[in-house]
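The values are calculated or read from the model by the stated rules, or taken from the named source; none is laboratory data. What you see is a predicted model; the values in this text were computed from it and never measured. Note that each Cβ is placed from the backbone with ideal geometry, even for glycine, and that neighbours are counted across all protein chains shown. Ligands, DNA and RNA are stripped out before the accessible areas are found, and what is left, the full protein with its side chains, is counted by its heavy atoms. Shrake-Rupley method; radii C 1.70, N 1.55, O 1.52, S 1.80 Å.
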Amino acid sequence: MRFRGLGIGVSALFLISGGAARAEEKIHELRASPTTVHRGFFDASLKPVLTIDSGDIVRLWTTTGNPRYFESLGVPKEKIPPELYAAFAGAPGEGRDDHTLDGPIAVRGAEPGDTVEIRIRSIELWLPIAGMGIRAGRGSLPEEFPYSRDRVLFFDPAKKAIEFAPGVVVPTKPFWGVIAVAPPPSMGRVPSGPPNVFGGNLDNHDLQPGTSLYLPVHAKGALISVGDGHAVQGDGEVGMSAVETSLKGEIQVVLHKDMHITWPRAETPTHYMTMGLHEDLNQAAKIATREMLNFIVETKHMPRDDALMLMSAAMDLHVTQIVDGTKGVHAMLPKGIFQPPSR
């Protein structure tokens, strides 16, 4: 079955994706280093640090935490992982540099109008140190916090939990806050803070292993960047920071030449997901809702008004984040509601 136009359904992408991958999967490794990262921006003119074919797997090591940031907070050098010193060699400033992004990764044959599917195969905590903070006059309650504050958190990655305070233990749920393709060349160099049609700083904690993220291609090669590791983050990211840390994991990239979408979409093992991004939270909710409505009509062949009523009964809207300028809402529709008709 072939879908036309700008509203390609996620299930269509998912079902066809197996045939798009090559029979033999090649595995690449990409470690954060001064020559393999860019910080704080996206730009279609960036030269790729790695070029892959559709179906290839990339093992990633992403870093968060300029050593000078940790040193400025009183952390002894011997407690800062040497991997961070190597990755941030020559990096300016004393910021945490959450958006230290591996890439860009070029996909051979990718052209504007195509779609890339990024299959998240695994994500794990890597280094045992994280940073977190609030910024004066920013976040969801700027009027209540006119000051900045930073914290350093140490943890054992194997325990998959972080002691946030005495008697307060938060289970980890690692994910990459930033997964992006290059923006349209006409946009030039854009900051990596606000997400957009190219993905970017989605801060979506439901992008877990087993999930496929679909992004529309805007530049030759797609030019994929990944980073901004989070050990855990709640929906909304209300304080403007997750538990920011270094991660390792694997992605598989599949190119879809004859599929066209306008906004990031995803499919988890249990749900279909659409995303809305806008400075106005209400408009972000509308975009996510309309994208799901289009998806149901196109892939399940339901009348549009029935689809809207189904969504009101079964779909959840999540406030992805409200602190990145461009706010995010993602809609989640359970797959299990679609069953063979009863006789």
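Can you name every residue in region 92-109 that is farther than 30 Å from Lys257 by Cα and surrounded by 14 or more Cβ atoms within 10 Å (Cβ to Cβ)? Break it down stepwise before answering.
Step one: filter region 92-109 for residues farther than 30 Å from Lys257 by Cα, giving 92-98.
Answer for region 92-109, where residues must be farther than 30 Å from Lys257 by Cα and surrounded by 14 or more Cβ atoms within 10 Å (Cβ to Cβ): Glu94, Gly95, Arg96, Asp97, Asp98.
Pull up region 37-86, narrow it to residues that are polar (S, T, N, Q), in a loop (DSSP other than H, G, I, E, B) and more than 25 Å from Val232 (Cα to Cα), then point me to the one that is least open to solvent (accessible area, probe 1.4 Å).
Ser54
Can you tell me which residue among Asp206, Asp258, Asp228 is within 30 Å of Glu144 (Cα to Cα), acidic (Asp, Glu) and open to solvent by 10 Å² or more (accessible area, probe 1.4 Å)?
Asp206
Quick check on region 164-175: of everything there that is of a type outside the set (Gly, Ala, Ser) and surrounded by fewer than 14 Cβ atoms within 10 Å (Cβ to Cβ), which residue is farthest from Gln208 (Cα to Cα)?
Of everything passing the filter in region 164-175, Pro166 is farthest from Gln208 (Cα to Cα).
Search region 134-152 for residues that are modelled with pLDDT of 95 or more and pair each with any residue that is among the aromatic types (Phe, Trp, Tyr) when their beta-carbon atoms are under 7 Å apart and the residues are at least 6 apart or on different chains.
Val152/Phe70
Please go through region 55-89 and give me each residue that is among the aromatic types (Phe, Trp, Tyr) and touching a Lys or Arg at 6+ places or on another chain (Cβ under 7 Å), ordered by number.
The answer is Trp61, Tyr69.
Of the numbered conditions (1) aromatic (Phe, Trp, Tyr); (2) open to solvent by 20 Å² or more (accessible area, probe 1.4 Å); (3) over 21 Å from the mean Cα position of the chain (by Cα), Trp126 satisfies every one except a single condition; which is it?
Exception for Trp126: condition (3).
If you take the residues of region 139-157 that are closer than 19 Å to Leu73 by Cβ and assigned to a loop (DSSP other than H, G, I, E, B), which of them is most open to solvent (accessible area, probe 1.4 Å)?
Across region 139-157, the extreme among qualifying residues is Tyr147.
Here is a list of conditions, (1) more than 30 Å from Glu25 (Cα to Cα); (2) surrounded by 15 or more Cβ atoms within 10 Å (Cβ to Cβ); (3) hydrophobic (A, V, I, L, M, F, W, C), and Ala89 meets all of them except one; can you say which number that is?
The failed condition is (2).
Conditions: (1) over 28 Å from Ser192 (Cα atoms); (2) open to solvent by less than 30 Å² (accessible area, probe 1.4 Å). Gln321 meets all but one. Number of the miss?
If we test Gln321 against (1) over 28 Å from Ser192 (Cα atoms); (2) open to solvent by less than 30 Å² (accessible area, probe 1.4 Å), just (1) comes out false.
When region 152-185 is examined, which residues are found to be charged (D, E, K, R) and under 30 Å from His38 (Cα atoms)?
Asp156, Lys160, Lys173
I'm checking my understanding of the structure. Among residues of region 295-312 that are at pLDDT 95 or above and β-branched (Val, Ile, Thr), which one is farthest from Ala331 (Cα to Cα)?
In this case the residue turns out to be Val297.
Working only within region 95-113, note down all residues that are over 22 Å from Pro184 (Cβ atoms), touching a Lys or Arg at 6+ places or on another chain (Cβ under 9 Å) and in a loop (DSSP other than H, G, I, E, B).
Hits for region 95-113 are Gly95, Asp97.
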